[in-house]
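Heads up: the structure comes next, in C-alpha cells.
The values are calculated or read from the model by the stated rules, or taken from the named source; none is laboratory data. Because the structure is predicted, anything quoted here is derived from the model rather than measured. Reconstructed Cβ throughout: ideal geometry from the backbone, glycine too, with neighbour counts over all protein chains shown. When the accessible area is computed, the model is the full protein with side chains, heavy atoms only, and any ligands, DNA or RNA have been set aside. Shrake-Rupley method; radii C 1.70, N 1.55, O 1.52, S 1.80 Å.
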Amino acid sequence: MRIFSAIRPTGEIHIGNYLGSIKEWLFLQDKNECYFCIADLHAITTPYNPKTLRKNILSLASTYLALGIDSLFIQSEVKEHTELAWLINTIVPVSLLQRMTQFKDKSKEHKEYINAGLLNYPVLMAADILLYKSEKVPVGQDQKQHIEFTRDIALKFNKQFGETFVLPEILVSKNQAKIMSLKDPTKKMSKTGDPKACIFLKDKEEEIIKKIMGAKTDTEKIIKFDAEHKKGISNLLSIYSAFSDKAIALIEKEYKDKSYAEFKKDLGELLVLKLRDFKKKYNEYLNHPDYVLDVLDKGKKRAQEKASLTIKEVRKKMGLD
Ligand code: AMP
Ligand code: TRP
C-alpha cells in the first residue's frame, strides 16, 4: 500500500502527537511504501518566524529519526508539490475553500493574517497526497475534511481530464490514542495551549514529573477508567497503557489499593525512562546535522522520482505537454 502523511514544523512534538500519530507511522513503515513529509510550505500560512523555521525543520527531522521514522523528506524541496497545487487550483471552486472548517477557525484565530495561502491550504495538501497516488493517509480526525476534499478534487480531475488519480482514504487506527490536556481533560493536549498541560518529548525529567504530579484528577480516589465521569485519571491511564504496552484493565488491577499520588509518581517515572532513550538519540542526530541532511537528501530524491512521473502525466492530460 502507498501511504502519505505530514506534520508541519511548528512548535514542539508532544506525547499526543507521538501516541496519536507518529507511533502508528512506525508500524506502517515496515510493511508499506511510505512517504512522510515535513510540511514547511503549510507552516508558513500562519504567523511564523523566518529566523527559526529552518531550525524547526531540522529539529523535526531529528525527532522523526530518533523515533525511528526514516522515509522522510521536506515538502518545499520537492518542487512538484507546488506545481501540482497550482495545476489543481484551476479546478477548485473558491466557495468550497471558503467553507473549510480549518480555514474558518484559523481566520478567526489570526484575523490579521488571512492570506491566500491559508485559503489554498487544502489544495496544497491535496497535491501532497495525489502526487504519490497515495491510497491511505494516516492522520487525526481533525484532518478528515481535508482528505474528503482531496477525494472530491481527484474525482473531479479524473472526470474532466481522464483517469489519473487514486482516491485516497483516511487511516484512523483503532488503537489510536487521543491524549487530553493535563489541566483540562475535556480538551485535546495541544502545543499551543498551557505548557503545564502538555508533555513535550524534549521536556526535562523534573518537568515531566512536575507536570504529571500536577495533572487534574477527581476527588473519588479510585484508579479506574471512566472516560465519561473520570476524564483526568482515564487520560493518565491511557498514557500509562500506551507507554507500557499494558492493558488498562491490568494497570487498574495493579493500582487497586494505591493512591493517585503513587500512580502519578510511577507514571512520571515511566515517561522519564521512555523519553530518556528518545532524547539521547535526538541529541545525537541534532549534533550530526550532516547525517540528517543526507537522510533528507535521499528522501527528496526518492520522493522526486515518484512525483515527477505524476506531474508528467498531469501536464500531458491537461494539454501542457
Ligand atoms: P498537530 O499537532 O495539530 O500539528 O498534529 C499533528 C498530528 O498529531 C495530527 O495527526 C494530529 O491528529 C495528532 N495529534 C495532535 N494532538 C493530539 C492529541 N492530543 N492526541 C492524539 N493525537 C494528536
Ligand atoms: N494539515 C496537516 C496537519 O495540520 C499536515 C499535512 C500537510 C498533511 N500535508 C498533508 C497531512 C498531507 C496528511 C497529508 O496536521
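General observations
- Evaluated against (1) part of a helix (DSSP H, G or I); (2) of a type outside the set (Gly, Ala, Ser); (3) modelled with pLDDT under 95, residue 210 falls short on exactly one condition, (3).
- Subset of region 36-45 [more than 9 Å from ligand 2 (Cβ to nearest atom) and either in contact (Cβ under 8 Å) with a residue 40 or more places away in the chain or not in a helix (DSSP H, G or I) (or both)]: 36, 38, 44, 45
- Residue 183 vs. criteria basic (Lys, Arg), in contact with an Asp or Glu (Cβ under 9 Å, 6 or more places away or on another chain) and over 28 Å from residue 312 (Cβ atoms): yes
- Of all residues in region 3-35 being out of contact with any strand residue (DSSP E or B) (no Cβ under 6 Å at 6 or more places or on another chain) and not in a helix (DSSP H, G or I), the one that is nearest to residue 273 (Cα to Cα): 13
- Test for residue 249: is it more than 23 Å from residue 184 (Cβ to Cβ) and open to solvent by less than 80 Å² (accessible area, probe 1.4 Å): yes
- Matching option when the condition is under 23 Å from residue 14 (Cα atoms) and touching a residue at least 24 places away in the same chain (Cβ under 8 Å), among 269, 313: 269
- The set of residues from region 73-129 being outside any helix (DSSP H, G or I) and touching a Pro at 6+ places or on another chain (Cβ under 7 Å) comprises 100, 110.
- Test: residue in region 222-230 that is surrounded by 13 or more Cβ atoms within 10 Å (Cβ to Cβ) and over 29 Å from the mean Cα position of the chain (by Cα): yes
- Residue 97 being open to solvent by less than 10 Å² (accessible area, probe 1.4 Å), more than 20 Å from the chain's Cα centre (by Cα) and more than 30 Å from residue 236 (Cβ to Cβ): yes
- Single unsatisfied condition, residue 181 versus (1) surrounded by 15 or more Cβ atoms within 10 Å (Cβ to Cβ); (2) within 16 Å of ligand 2 (Cβ to nearest atom); (3) among the polar types (S, T, N, Q): (2)
- Residues located in region 132-166, provided they are open to solvent by less than 60 Å² (accessible area, probe 1.4 Å), part of a loop (DSSP other than H, G, I, E, B) and either at pLDDT 95 or above or among the polar types (S, T, N, Q) (or both): 132, 133, 134, 162, 164, 165, 166
- Checked against the criterion of being at pLDDT below 95, within 22 Å of residue 141 (Cβ to Cβ) and open to solvent by less than 10 Å² (accessible area, probe 1.4 Å), region 101-109 contains not a single residue that satisfies it.
- Single residue of region 26-55 satisfying the filter (surrounded by fewer than 21 Cβ atoms within 10 Å (Cβ to Cβ) and within 12 Å of ligand 1 (Cβ to nearest atom)) that is farthest from residue 109 (Cα to Cα): 43
- Residue, nearest to ligand 1 (Cβ to nearest atom), within region 1-25, restricted to residues that are free of Cβ contacts under 8 Å to residues at least 60 places away in the same chain and open to solvent by less than 10 Å² (accessible area, probe 1.4 Å): 22
- Filter pass, residue 69 being under 27 Å from residue 166 (Cβ atoms), more than 10 Å from ligand 2 (Cβ to nearest atom) and open to solvent by less than 20 Å² (accessible area, probe 1.4 Å): yes
- Flag if residue 137 is more than 27 Å from residue 193 (Cα to Cα) and either within 23 Å of the chain's Cα centre (by Cα) or more than 15 Å from ligand 1 (Cβ to nearest atom) (or both): no
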